[in-house]
Amino acid sequence: MSGELLAGDGADGPVPGDPNRAPAVRDMFARIAPGYDRANKFMSMGIDRAWRRIAIRALGDRARGDILDLCAGTMDFTAALAPTAKSIVALDFCAPMLEAGMAKIPAGANVRTVCADARELPLAGASFDAVVIGFGIRNVPEPERALAEARRVLRPGGVLVVVDFFRPTTLAQRFFAGTYNRVVLPIVGGLVTGDASAYRYLAGSMAAWYDREGFEGACTAAGFARVTGRELFPPVASLVVARVEG
Ligand SMILES: C[S@@+](CC[C@H](N)C(=O)[O-])C[C@H]1O[C@@H](n2cnc3c(N)ncnc32)[C@H](O)[C@@H]1O
């Protein structure tokens, strides 16, 4: 992972790449939680929903099992999986993000929310068939610890599916990511939530992060097997799928 630190917005905002940024990241998400879904809708024009559908297809029949939605945020993955999954734990260390998503969960769905850090899961080993992480692990300092925890809680034969923005490497990725990061994220995110600095952090966090191949290597180092990745369209986000042998 690139250890590069980028300029933040001052002492109170998180700095991408800072290994001690977790409390500032949590406070930032707590601040933008009420407007997060609205901003997301404008910024992604619904494309994130298509990306999540692709990720859910990658789960195969594990989508009907016990699922952990890690860094669940406002629970878009949880809501999409709730009608078919046996059970879902939606885990995030920012309670206001989980609260902002509660209304999306259908009545009667077997969903439990847990407020905890992805680096130290208060969950039993080998208790899930699938772990999904949507646009979250990039914000976790020591993401290798979160990957090791995801590996620990998965059963043999389980699958980890990650959708995220990785550090761009190709020309096309640089073009799309550059436009998105410099224009769409801070301007639209700032206008809708009134917090442009948070969206500048999110943009900067992509540059101080793994490229997709590096992240696949981190999954392998965490004990996952058959790790594969691919670019989604438009080439801003990518999908990484990693399996537990068994
Ligand atoms: C961009 S939102 C993710 C939203 C959601 N997963 C989705 O698919 O849209 C990132 C989330 O990661 C959470 N997060 C960041 N660092 C975390 C950590 N160390 N442990 C748990 N959650 C964390 C934040 O609180 C935030 O809600």
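The values are calculated or read from the model by the stated rules, or taken from the named source; none is laboratory data. Only a predicted model underlies this, so the values are computations on that prediction, with no experimental measurement involved. We place every Cβ from the backbone using ideal geometry, glycine too, and count neighbours over all the protein chains shown. Side chains are part of the model used for accessible areas, which takes the heavy atoms of the whole protein and leaves out ligands, DNA and RNA. Shrake-Rupley method; radii C 1.70, N 1.55, O 1.52, S 1.80 Å.
Listed values, structure above:
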read-out	value
Residue within the stretch 139-154 that is in contact with a Pro (Cβ under 8 Å, 6 or more places away or on another chain), free of Cβ contacts under 8 Å to residues at least 40 places away in the same chain and not in a strand (DSSP E or B) present	no
Count of the stretch 185-223 residues which are over 19 Å from Phe166 (Cα atoms) and of a type outside the set (Ser, Thr, Tyr)	10
Residue ID - farthest from the ligand (Cβ to nearest atom), chosen from residues in the stretch 69-93 that are open to solvent by less than 30 Å² (accessible area, probe 1.4 Å) and polar (S, T, N, Q)	Ser87
Verdict on Gly101 being out of contact with any strand residue (DSSP E or B) (no Cβ under 7 Å at 6 or more places or on another chain) and modelled with pLDDT of 95 or more	yes
Test for Asp66: is it more than 13 Å from the ligand (Cβ to nearest atom) and open to solvent by 40 Å² or more (accessible area, probe 1.4 Å)	no
Residue in the stretch 152-206 that is nearest to Ala33 (Cα to Cα), counting only those that are over 16 Å from the mean Cα position of the chain (by Cα) and charged (D, E, K, R)	Asp195
Single condition Pro19 does not satisfy, out of (1) assigned to a helix (DSSP H, G or I); (2) of a type outside the set (Asp, Glu); (3) surrounded by fewer than 22 Cβ atoms within 10 Å (Cβ to Cβ)	(1)
In the stretch 24-55, the residues that are touching a helix residue (DSSP H, G or I) at 6+ places or on another chain (Cβ under 6 Å) and β-branched (Val, Ile, Thr)	Val25, Ile32
Hits in the stretch 110-128 (condition: in contact with a helix residue (DSSP H, G or I) (Cβ under 8 Å, 6 or more places away or on another chain) and either among the small types (Gly, Ala, Ser) or outside any loop (DSSP other than H, G, I, E, B) (or both))	Val111, Thr113, Cys115, Ala118, Ala124, Gly125, Ala126, Ser127, Phe128
Count - residues of the stretch 44-55 that are more than 11 Å from the ligand (Cβ to nearest atom) and on the phi < 0 side of the Ramachandran plot	4
Test for Glu142: is it within 14 Å of the ligand (Cβ to nearest atom) and over 17 Å from Ser44 (Cα atoms)	yes
Any hit, the stretch 105-123, residues being under 28 Å from Gly217 (Cα atoms) and more than 10 Å from the ligand (Cβ to nearest atom)	yes
Matching option when the condition is of a type in the set (Val, Ile, Thr) and either part of a helix (DSSP H, G or I) or within 11 Å of the ligand (Cβ to nearest atom) (or both), among Val131, Val159, Val183	Val183
Enumeration of residues in the stretch 173-205 that are open to solvent by less than 50 Å² (accessible area, probe 1.4 Å), under 12 Å from Val236 (Cβ atoms) and either touching a Pro at 6+ places or on another chain (Cβ under 7 Å) or modelled with pLDDT of 80 or more (or both)	Gln173, Ala177, Gly178, Ala203
